[in-house]
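Heads up: the structure comes next, in structure tokens.
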Amino acid sequence: MRQKESAELSIIRLLKEAGAGSVSGGDLSRMLGISRTAVWKHVKALRKAGYAITAKPAKGYSLERVSGSEPFNAIEITSGLKTAFIGKKIFFYPELDSTNSAAMRLGRDGVAEGSAIIADKQTAGKGRIGRKWESPPGVNLYTSIILRPDIAPYDAQKLTLVMAVAVACAIAECCSVRPAVKWPNDILIGAKKVAGILMEMDAEADHVNFIVAGVGLNINMPSADLPKPVRQIAVSLKEACGTEVSRVEAARMLYSNVEKWYNKFRKHGFAPILAQWKSFFAAEGKRVIVKGFNRTVDGICVGIDDSGALLVRTPSGKVERIISGDVDAGGGSA
Ligand code: BTN
């Protein structure tokens, strides 16, 4: 797969480095190894994408600061990102079927751990359990990160909780609200979903080759734009905190938190993740109805165990251990 914008992103990087100064078309053409006509075509495309680039005779191109709508692309995100490996390499697409599907393809091609795929719009965004993830352009974050942990497949579920903690912490940093986690990995504000996580894996029987951690975060999308059934149960950061939230900032905070909590998991194991996850968990002591692949369990949530499985006490008094499923709050918020 080809990254469409590389020449354009290089032009922006060079113009940013020039600050208030200019870079001539000839210099850009030499540095990028493309013709001056090609430089001009890329400048036109960048202007169309929202960059205010002026061309001054005898001086060259310069990038003006503009207030208002911010460009959303790999160069903007990576330029302020302080991670060692998560998001260091970003594959950015204006439109993709699904960032998770693209990440699975790239993972098999051997791209480095921490590489992230972002799409401004997804045409076939995937949710858990075969659901669709609504992915309109210009408003949200749809990203998938490739992780290559040295773990067995039966431990992969733990990474789901690592991601839930990272997403919840990123939201708390972006927006002055405290989110809640709904087991295993929905992120809620109030009782409404603000983010979803879809983990996919490429593995052998005893070894994980790589994991794709996909995150859909509703940022500035008006919930009214969603189809009716989803509208009632979704919320965006903008709706929750009352102001527009920068998608560039949100992506940086997400990648920083993924690196922080993933490193903690690799260095100190699952206990610190579990402790942090529990601090966001609101369903303990409440009634839950858990729909699994082949059974439904209705009872009181009594927490999660050391592997991240949900524990539910049924009316018979038996505590059921659930490793996968979908939780409905039976009256309280899950
Ligand atoms: C859920 O059902 O809650 C999980 C939703 C995950 C959506 C994200 S958007 C980015 C990535 N690409 C996908 O196709 N899905 C995930």
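Readers should treat all values here as calculations from the given coordinates under stated rules, not as data from a laboratory. Because the structure is predicted, anything quoted here is derived from the model rather than measured. Cβ sites come from the backbone with ideal geometry, for glycine too, and all protein chains shown count toward neighbours.
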Extreme residue, farthest from the chain's Cα centre (by Cα), among residues of region 173-185 that are surrounded by 22 or more Cβ atoms within 10 Å (Cβ to Cβ) and part of a strand (DSSP E or B): Lys182
Which residue pairs have Cβ atoms under 7 Å apart, sit 6 or more places apart or on different chains, and have a first residue in region 213-230 that is more than 11 Å from the ligand (Cβ to nearest atom) and a second that is part of a strand (DSSP E or B)? Ile219/Leu141; Ser223/Ala234; Leu226/Ala234
Please state which of the following conditions Ala20 fails to meet, knowing it meets all the rest: (1) over 26 Å from Leu254 (Cα atoms); (2) part of a strand (DSSP E or B). (2)
For region 189-231, how many residues are farther than 21 Å from Lys158 by Cβ and of a type outside the set (Gly, Ala, Ser)? 17
Would you mention how many residues in region 195-210 are more than 15 Å from Lys126 (Cβ to Cβ) and not acidic (Asp, Glu)? 6
Return only the number of the condition from (1) within 15 Å of the ligand (Cβ to nearest atom); (2) surrounded by fewer than 23 Cβ atoms within 10 Å (Cβ to Cβ); (3) outside any helix (DSSP H, G or I); (4) touching a residue at least 60 places away in the same chain (Cβ under 8 Å) that Tyr142 does not satisfy. (2)
Tell me, which strands (runs of 3 or more DSSP E) lie completely within region 222-334 with 1 or more residues that are surrounded by fewer than 13 Cβ atoms within 10 Å (Cβ to Cβ) and touching a helix residue (DSSP H, G or I) at 6+ places or on another chain (Cβ under 6 Å)? none
Restricting the search to region 113-139, which residues are near the ligand (Cβ under 7 Å from one of its atoms), among the charged types (D, E, K, R) and either over 17 Å from Val230 (Cα atoms) or surrounded by 15 or more Cβ atoms within 10 Å (Cβ to Cβ) (or both)? Lys126, Arg128
Taking Ala49, is it more than 16 Å from the ligand (Cβ to nearest atom), of a type in the set (A, V, I, L, M) and within 27 Å of Leu254 (Cβ to Cβ)? yes
Condition check: more than 9 Å from the ligand (Cβ to nearest atom), free of Cβ contacts under 8 Å to residues at least 12 places away in the same chain and in a loop (DSSP other than H, G, I, E, B). Does Gly110 satisfy that? yes
Answer yes or no as to whether Glu76 is surrounded by 19 or more Cβ atoms within 10 Å (Cβ to Cβ), charged (D, E, K, R) and either away from the ligand (no atom under 14 Å from the Cβ) or under 30 Å from Asp27 (Cα atoms) (or both). yes
Which residues, counting only those in region 113-133, are part of a loop (DSSP other than H, G, I, E, B), over 14 Å from the mean Cα position of the chain (by Cα) and not small (Gly, Ala, Ser)? Glu113, Thr123, Arg131
